[in-house]
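**Q** The structure's right below; bear with me while I get my questions together.
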Amino acid sequence: MKKLLFGLLLFVPFVMAAQPGEVTFRFLNQAGQPADGYKVTFSVAGKTIAADANAAETYSVRVMERDTVTVVIDRFRYEFPAAGTREVVLTLNPKGKAVAVERNGVEMRPARYRVPLYSAQTSDNSQYLNLAEYLTGRIAGLIVEGGPGNYQVYLDGLVPLIVVNGTPVLNFNAANGLVDPNDIQSVSVQRDGTIYGTAGMNGVLFINTVQ
């Protein structure tokens with residue numbers, strides 16, 4: 001069933017770009033079926049027009065061409081320019097994260113539209129700019145030093161092995177570029193990292209993210 005959501009319409013005389021239009025949104029699961037069981041909130045030009053809508057439905061959002069349409073699914077937020085956008089299809093994984101985005105029938109990178117979600121209702125991860133900032137002061141004995149491109153992390157004064165989602169990474173700078181703090185589910189350390197042999201002799205920093 002298709003639903004129409006009325007956004008904020010502002011009248012601006014003599015500006016053709018201010019003409020109203022519609023953007024249609026569809027949400028699918030990874031089996032290609034309507035994404036039942038997810039809730040989605042729509043905002044247009046910063047004004048919420050629907051909260052906790054059923055993602056299994058198709059929605060047409062009323063917009064002005066210069067507007068931005070914000071879509072929030074669980075703790076993931078995406079922004080789409082209304083100008084030139086007719087239809088958006090988001091494919092969601094079991095966590096509600098978009099793993100594929102089609103805009104006007106063309107597949108796009110989801111990261112292009114995703115932005116940090118700042119909300120008192122979400123975890124505090126969203127306030128951090130990167131992994132280095134997220135880890136600072138979080139675990140006793142874990143120290144992050146340096147700056148972008150030149151970070152180093154120490155566990156009890158030693159450089160630990162870093163494991164992201166079960167896979168060791170080259171160094172902390174690689175992990176810092178790989179991990180979005182908004183996706184972190186858990187961070188822990190193991191000071192006896194002998195399971196990884198000599199690579200883990202200085203301890204192991206485990207980082208797990210939403211998949």
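The values are calculated or read from the model by the stated rules, or taken from the named source; none is laboratory data. As the structure is a prediction and not an experimental result, all values here were calculated from the model. Don't worry about glycine lacking a Cβ; one is built from the backbone with ideal geometry, like all the others, and counts go over all protein chains shown. Side chains included, ligands, DNA and RNA excluded: accessible areas come from the protein's heavy atoms. Shrake-Rupley method; radii C 1.70, N 1.55, O 1.52, S 1.80 Å.
**Q** Can you tell me which residue within segment 101-116, out of those that are touching a strand residue (DSSP E or B) at 6+ places or on another chain (Cβ under 8 Å) and of a type in the set (Val, Ile, Thr), is modelled with the lowest pLDDT? Working first, answer last.
**A** At the first step, the residues of segment 101-116 found to be touching a strand residue (DSSP E or B) at 6+ places or on another chain (Cβ under 8 Å) are 101-105, 107-110, 112-116.
Applying the additional criterion that residues be of a type in the set (Val, Ile, Thr) yields 101, 115.
Working: Val101: 94, Val115: 74.
The extreme case among them is Val115.
**Q** Quick one: count up the residues across segment 144-160 that are more than 26 Å from the chain's Cα centre (by Cα) and either within 26 Å of Lys95 (Cβ to Cβ) or surrounded by 14 or more Cβ atoms within 10 Å (Cβ to Cβ) (or both).
**A** Total meeting the criteria: 4.
**Q** So which strands (runs of 3 or more DSSP E) stay within segment 13-115 end to end and still have 1 or more residues that are surrounded by 18 or more Cβ atoms within 10 Å (Cβ to Cβ)? So that I can check it myself, show each step before the final result.
**A** Details: elements: 20-29, 39-44, 47-54, 58-64, 68-73, 76-81, 87-92, 98-103, 106-108.
By residue number, 20-29, 39-44, 47-54, 58-64, 68-73, 76-81, 87-92, 98-103.
**Q** While we're looking at this one, here's another question. Mind checking which residues of segment 172-198 are open to solvent by 60 Å² or more (accessible area, probe 1.4 Å) and in contact (Cβ under 8 Å) with a residue 12 or more places away in the chain? Walk me through it before giving the result.
**A** Taking segment 172-198 and keeping what is open to solvent by 60 Å² or more (accessible area, probe 1.4 Å), we get 177-178, 185, 190-192, 194-196, 198.
Result: Leu178, Gln185, Gln190, Arg191, Tyr196.
**Q** Return the residues of segment 168-207 that are in a strand (DSSP E or B) and closer than 22 Å to Gly149 by Cβ; say none if nothing qualifies.
**A** Start the filter on segment 168-207 by keeping residues that are in a strand (DSSP E or B), which leaves 168-169, 184-190, 204-207.
Of everything in segment 168-207, those that are in a strand (DSSP E or B) and closer than 22 Å to Gly149 by Cβ turn out to be Pro168, Val169, Ile184, Val187, Leu205, Ile207.
**Q** Scan segment 52-78 and report the pairs whose first residue is touching a residue at least 60 places away in the same chain (Cβ under 8 Å) and farther than 13 Å from Phe27 by Cβ and whose second residue is of a type in the set (Ser, Thr, Tyr) and outside any strand (DSSP E or B), with Cβ atoms within less than 6 Å and a gap of 6+ or a chain change.
**A** Arg75/Thr122
**Q** Failed condition for Ala175, given (1) on the phi > 0 side of the Ramachandran plot; (2) at pLDDT 90 or above, with all others met?
**A** (1)
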